[in-house]
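Okay, structure first, notes after.
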Amino acid sequence: MDLLADIGQEDQLTSAREENRVLLAKVKELTVRVHELNASNAALLAEVEMYRAEFASSKSSSAISDNIEEESKEALVDDGADDFVTAGNGMFASDPAVNLQKMHGISNPLCCSLHPNDTLLATGGADGNLILCRWGVALAPGEESSKKAVDDSIKVSCGAPVICTAFAQGNKGRGCPLVAAGCMDGSVRIIHCGLDLEGSTSRVFHSFKHEKYVKTICWSPSEQLMASASADGTIKLHRVGSVMNMFDGSDADEFSLEIIQSMHFDGPVEAMCFVDNGKSLCCYVRGTSYLTYFDLKDDYKQSKYSLNGKAAIGDRFDDHVSFSVLSLQCSPNGKYVAAATDVARNIIMEAKSDRIVRNLYGHNNDGFSNPKIAWSSSGQYIYGNSQNENCVCVWDVASAAMVKRLEGDGFVRDIYSSSTTDTVATVSFDKTAKVWLNEM
């Protein structure tokens, strides 16, 4: 009887395994279908916005027809841009050359950035630390090279989870020794990071606080100007002084940090970037339907450009959009802005204009996602993450087609692309940081 019982249990186990295999196959099939439907839904939403724009245009044209002739000529210009007529040359980062595991121990990394000369990788983590790593060490032969790169890294305590980080970009990337870390407690910490990564030189030099957590940080590409944006609805603009003493390798141990302007909004500032070689600052505030630009050379003069593109008529535009912009990046040539939204739609716009050049689809993001976006150094490709998918999506801007998925093992939390080489850094929720290089 025991033998028969064992056989019966074995049969039940075999049956359960087969049923489980069938169910897993069905789940994969439905997952693919869900992604297809999400992409279709995003396309339909884009069409709705287009029809709304056309409706707004036709409704307003009769009232202002006498004054709009010149504007109509401008509106008739093709949204396609000469910079994106020809397809990309296939040169972009796609080889996961460096895989750095558990840089933050058991905690997940949340953000990343590369030094302007690409030698240093900075990652911020949920453990409240900023890690500075010479990732090139991991390219040496041998299985232990990646571990050595992690072990030799410098840890700087920031007192709260680090959710955004950025290196200073001034002096054309030659020896800029500063990196900023934005934290969950609202603090922004500025750290001197000697390229030799000596512990004595990698320390917090200055800090200040927002009322709520920091959303994003960016540095001007032309001068030592740093902007920080927060969920409290503020942007703080600081000028860093006495930095040149450190650029030439001297042992200066102090610098000044002067707040030169603050901006206040009705909602959280979700995304921000410098454009026009640092002459203007672009930002998006949650709940608005436009990008706001501040002219830093003209007393912070403010201008707004609709995310609905041609819906703008004169000084008016449709004040509704069905998405929020959660990441903004300026193109390498400074002429365009890439915006990652929470509706699985990435938008390429002409800087300081309401002209939409491209819409990029094929990935998956919603209101609970954390979309990120980055340009390739050539400006011909766009990198972006996708919710619930362990990959980085790559689009050819000219064709607006997704040309590759860079597969990983965890959801990609942040993406940073070098402005000078085909080098991309990512951090993901499998507790790893990767550096992707051009696959030769």
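Below are the figures for this structure:
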| quantity | calculated |
| --- | --- |
| Residue within the range 362-370 that is among the hydrophobic types (A, V, I, L, M, F, W, C), out of contact with any Cys (no Cβ under 6 Å at 6 or more places or on another chain) and surrounded by 21 or more Cβ atoms within 10 Å (Cβ to Cβ) present | no |
| Some residue of the range 277-296 being modelled with pLDDT of 95 or more and over 22 Å from the mean Cα position of the chain (by Cα) | yes |
| Residue in the range 342-361 that is least open to solvent (accessible area, probe 1.4 Å), counting only those that are out of contact with any Leu (no Cβ under 7 Å at 6 or more places or on another chain) and among the polar types (S, T, N, Q) | Ser353 |
| Some residue of the range 176-191 being in contact with a Pro (Cβ under 6 Å, 6 or more places away or on another chain), part of a loop (DSSP other than H, G, I, E, B) and surrounded by fewer than 22 Cβ atoms within 10 Å (Cβ to Cβ) | yes |
| Residues being open to solvent by less than 70 Å² (accessible area, probe 1.4 Å) and at negative phi - total across the range 276-308 | 20 |
| Any chance Leu76 is closer than 30 Å to Leu307 by Cβ, modelled with pLDDT of 95 or more and of a type outside the set (Asp, Glu) | no |
| Flag for Cys158 being closer than 16 Å to Ala433 by Cα and buried (at least 21 other Cβ atoms within 10 Å of the Cβ) | no |
| In the range 113-137, the residues that are open to solvent by less than 10 Å² (accessible area, probe 1.4 Å) and outside any strand (DSSP E or B) | His115, Leu120, Gly128 |
| Selection count where residues are open to solvent by 30 Å² or more (accessible area, probe 1.4 Å) and modelled with pLDDT of 95 or more, scope the range 379-398 | 1 |
| Of the criteria (1) at pLDDT below 85; (2) more than 21 Å from His363 (Cα to Cα); (3) exposed (fewer than 15 other Cβ atoms within 10 Å of the Cβ), which one Ile106 fails | (1) |
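Quick grid of which residues meet (1) of a type in the set (Val, Ile, Thr); (2) over 18 Å from Leu326 (Cβ atoms):
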residue: Ile382; (1), (2): yes, no
residue: Asn385; (1), (2): no, no
residue: Asn388; (1), (2): no, no
residue: Val394; (1), (2): yes, yes
residue: Ala401; (1), (2): no, yes
residue: Glu407; (1), (2): no, yes
residue: Ser418; (1), (2): no, yes
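The values are calculated or read from the model by the stated rules, or taken from the named source; none is laboratory data. Only a predicted model underlies this, so the values are computations on that prediction, with no experimental measurement involved. Cβ: placed from backbone, ideal geometry, glycine included. Neighbour counts: every protein chain shown. What goes into the accessible areas is simple: the full protein's heavy atoms, side chains included, and nothing from ligands, DNA or RNA. Shrake-Rupley method; radii C 1.70, N 1.55, O 1.52, S 1.80 Å.
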